[in-house]
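The values are calculated or read from the model by the stated rules, or taken from the named source; none is laboratory data. Source: prediction; values computed, not measured. Cβ placement follows ideal geometry from the backbone for every residue including glycine, while neighbour counts extend to all protein chains displayed.
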Amino acid sequence: MESKTRLGRLIGGLGVAMMMALLLSGSAGAWEGTPTSQAQSSSAIPQQAAVGSAGNSLTLEQPPLCRYGVTAFDGMTQLKWLPTWRANWTLDFKAHAPLPGVAAEYAQMLRIQQNKSGCTYLDGYSTVPALTEAGIGAVIRAAPDSLWIIGNEPDRGPDPGNCLGPGQDDTYPEVYARAYHDAYTYIKQRDPKARVAIAGLVQVTPGRLQYLDKVWAEYARLYRAPMPVDVWNMHLYILPEAQTNGQPNGIANIALGSDPGSAIRESGGDPNRCSDPLVYCFAEHDDMTIFAQQIVAMRTWLKNHDQQNKPLILSEYSLLYPYERDPDSCFLQDEYKNCFTPERVSTFMANTFNYLESAADPALGYPLDGNRLVQRWMWFSAYASGAGNVSSLLVSTHVRLTLAGENFRDQVAARPATINLFLGQVGATAGHAGVPGGTATVNLYAQVFNNGSVATGTPFTVTFYADQALTQVIGSTVVSEAVDGCVVRPLVAQVTWADLPVGNHPFWVKVDSADSIGETNEGDNIGTGTATVSIFGRFLPLISRQ
């Protein structure tokens with residue numbers, strides 16, 4: 001009875017402790033985690049323990065892998081470690097010009113906040129930076145072609161009993177839909193090559209999907225078009241949203257604008273409730289079955305909204321529950337009296353890496369990426385100060401790795417560096433001969449993608465042919481620019497085809513036609529298209545007057 005009472009006291013103070021850690025770290029991310037049962041056998045996904053090695057010096061022995069990222073703060077003291085982890089992308093929950101010397105893609109984040117009068121939500125919103133030329137416009141000019149994430153966990157409002165206290169981006173779905181539209185339009189008008197991503201919600205639960213449904217519906221209502229999203233984004237934490245009585249709990253909180261009855265509840269310290277799908281136990285904070293369920297739920301939502309052919313990123317996840325051992329116990333024990341130890345974090349990390357690397361489904365996944373469910377993922381964090389920084393990869397002084405940091409380094413070091421070039425859209429501009437018997441010159445083009453784990457570093461050739469046997473060369477182009485892995489963005493190869501008569505002219509194209517690149521799949525390098533030449537202004541319908 002005493003242990004249950006003590007757990008209840010911990011639950012009561014947990015939300016404040018976790019929010020304090022995030023505020024001290026400078027992160028606007030939610031409190032994150034994943035579940036492990038007493039026997040750690042509830043997961044249908046095989047568990048694999050992680051092992052960290054002894055050394056922790058800065059190294060750059062292998063190329064960065066595009067799928068792996070780490071959130072980082074405090075400038076270069078943390079960012080300089082990215083090569084050690086082979087992390088190829090990062091964010092610090094802000095938007096600014098690229099930092100010199102950072103060998104990783106920096107994801108920009110536009111912060112959103114719904115306006116309030118006291119505790120009353122108003123219809124307007126503000127952004128940081130502002131949607132002005134001196135605000136976000138300056139960042140767009142300094143960092144072209146960036147990935148822009150619009151908001152951070154807008155579904156999470158302030159903690160119960162403190163309507164003005166720190167939440168996350170604290171914006172109702174109807175207002176977020178307008179803010180997203182305005183930001184998307186502003187960015188794309190100034191940088192058409194920029195990629196725009198929706199905000200990651202705290203987690204993917206029924207209440208959070210209700211929030212997303214409302215955003216989607218409101219956007220369509222206001223703008224008479226589907227919401228334009230280049231990159232879909234999610235966070236993944238396994239956190240209760242309400243107390244056992246259904247009231248907001250200060251951990252994940254009930255998603256703004258959602259039905260409170262759909263909120264995932266706490267266990268009340270009772271391990272028997274962990275089997276209830278409407279309950280998230282502390283012990284389930286690192287549960288791989290629920291981890292996979294949330295990703296499948298997000299991918300299912302995308303498919304149901306005709307968005308399957310879009311990439312999905314996981315821009316924030318790790319374990320968030322505190323671990324600070326005193327002489328008798330740790331800060332927080334789960335329902336089975338287990339602590340959230342560094343070893344537990346490392347095991348969770350290894351399990352998630354294995355899952356994310358392998359999870360694919362032709363019915364749900366991204367076709368351009370081998371039907372993978374998730375294209376890129378980012379660990380929170382290089383270092384987060386305050387209670388519960390067990391997932392930090394660095395010690396507080398940023399001079400050496402934690403056990404989790406060593407494990408991240410060793411896990412990713414074991415992953416192969418792969419390249420796989422393949423063709424996306426293949427086509428030709430329309431040709432017009434002008435007169436019967438005339439000819440035309442058309443432009444042929446082909447999108448070249450790479451769904452490997454690293455960017456190309458060797459130039460390669462793309463060749464266009466007039467026959468299926470690939471013997472009649474139309475033209476070739478040498479690609480010296482690196483093509484990013486993870487299907488981040490395509491490169492377009494182009495040649496001209498001259499002296500074509502009127503008619504349809506099939507052509508074939510092969511990427512890496514000189515076999516300069518070692519690829520994981522050489523069977524997807526050939527595509528085909530058709531060039532069409534017509535007599536401009538001819539063959540108009542004859543209309544006579546009676």
* **Options P322, P327: the member that is assigned by TED's automatic domain parsing to the domain that holds G200, outside any strand (DSSP E or B), surrounded by fewer than 16 Cβ atoms within 10 Å (Cβ to Cβ) and at pLDDT below 95** => P327
* Asked: Which members of the stretch 154-200 meet the condition of being within 18 Å of S258 (Cα to Cα) and touching a helix residue (DSSP H, G or I) at 6+ places or on another chain (Cβ under 6 Å)?
  -> P154, D155, D159, P173, E174, Y176, A177
* Quick one: is S544 at pLDDT below 95 and either among the hydroxyl-bearing types (S, T, Y) or assigned to a strand (DSSP E or B) (or both)? -> yes
* Asked: Which of (1) surrounded by fewer than 19 Cβ atoms within 10 Å (Cβ to Cβ); (2) in a loop (DSSP other than H, G, I, E, B); (3) touching a residue at least 24 places away in the same chain (Cβ under 8 Å) is the odd one out, the single condition P506 does not satisfy?
  -> (2)
* G388 in a loop (DSSP other than H, G, I, E, B) and either at pLDDT 95 or above or small (G, A, S) (or both) -> yes
* To do: Please list, ordered by first then second residue, the pairs with beta carbon atoms under 9 Å, 6 or more apart or interchain, first in the stretch 405-424 and acidic (D, E), second crowded, with 22+ Cβ neighbours inside 10 Å and at pLDDT 95 or above.
  => E406/S346; E406/L393
* Asked: A103 fails exactly one of the following numbered conditions: (1) farther than 20 Å from R178 by Cα; (2) touching a helix residue (DSSP H, G or I) at 6+ places or on another chain (Cβ under 8 Å); (3) assigned to a helix (DSSP H, G or I). What is the number of that condition?
  -> (3)
* To do: Look at the stretch 107-144 and say how many of its residues are touching a strand residue (DSSP E or B) at 6+ places or on another chain (Cβ under 9 Å) and free of Cβ contacts under 8 Å to residues at least 60 places away in the same chain.
  => 20
* Enumeration of residues in the stretch 229-257 that are out of contact with any Pro (no Cβ under 8 Å at 6 or more places or on another chain), buried (at least 23 other Cβ atoms within 10 Å of the Cβ) and not aliphatic (A, V, I, L, M) -> N233, H235, Y237, P240
* So, of the residues in the stretch 391-410 that are β-branched (V, I, T) and touching a strand residue (DSSP E or B) at 6+ places or on another chain (Cβ under 9 Å), which turns out to be nearest to M349 (Cα to Cα)? -> T402
* To do: Name every residue in the stretch 464-483 that is part of a loop (DSSP other than H, G, I, E, B) and either under 38 Å from the mean Cα position of the chain (by Cα) or not charged (D, E, K, R) (or both), in order of residue number.
  => A466, Q468, A469, L470, T471, Q472, S480, E481, A482, V483
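Can you tell me which of F291, F340 is in contact with a Ser or Thr (Cβ under 8 Å, 6 or more places away or on another chain), more than 17 Å from Q210 (Cα to Cα), hydrophobic (A, V, I, L, M, F, W, C) and assigned by TED's automatic domain parsing to the domain that holds F380? Don't jump to the end; show me each part of the working.
Working: F340 fails: in contact with a Ser or Thr (Cβ under 8 Å, 6 or more places away or on another chain).
The unique qualifying residue is F291.
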* Pairs with Cβ under 6 Å, 6+ apart, first in the stretch 88-100 and in the same structural domain as M378 (by TED's automatic domain parsing) and of a type in the set (F, W, Y), second at pLDDT below 95 and surrounded by 14 or more Cβ atoms within 10 Å (Cβ to Cβ) -> W89/A104; F93/S27; F93/A28
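Yes/no matrix, rows are residues, columns are (1) under 16 Å from A107 (Cα atoms); (2) modelled with pLDDT under 95:
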site	(1), (2)
P129	yes, no
G135	no, no
R141	yes, no
W148	yes, no
E153	yes, no
D159	no, yes
L164	no, yes
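Looking for something buried (at least 20 other Cβ atoms within 10 Å of the Cβ), farther than 20 Å from I290 by Cα and within 20 Å of the chain's Cα centre (by Cα) - is there at least one such residue anywhere in the stretch 198-207?
Taking the stretch 198-207 and keeping what is buried (at least 20 other Cβ atoms within 10 Å of the Cβ), we get 198-205, 207.
Pick out the ones that are also farther than 20 Å from I290 by Cα and you get 198-199.
Next, only the ones that are within 20 Å of the chain's Cα centre (by Cα) stay: 198-199.
Yes, the conditions are met somewhere in the stretch 198-207.
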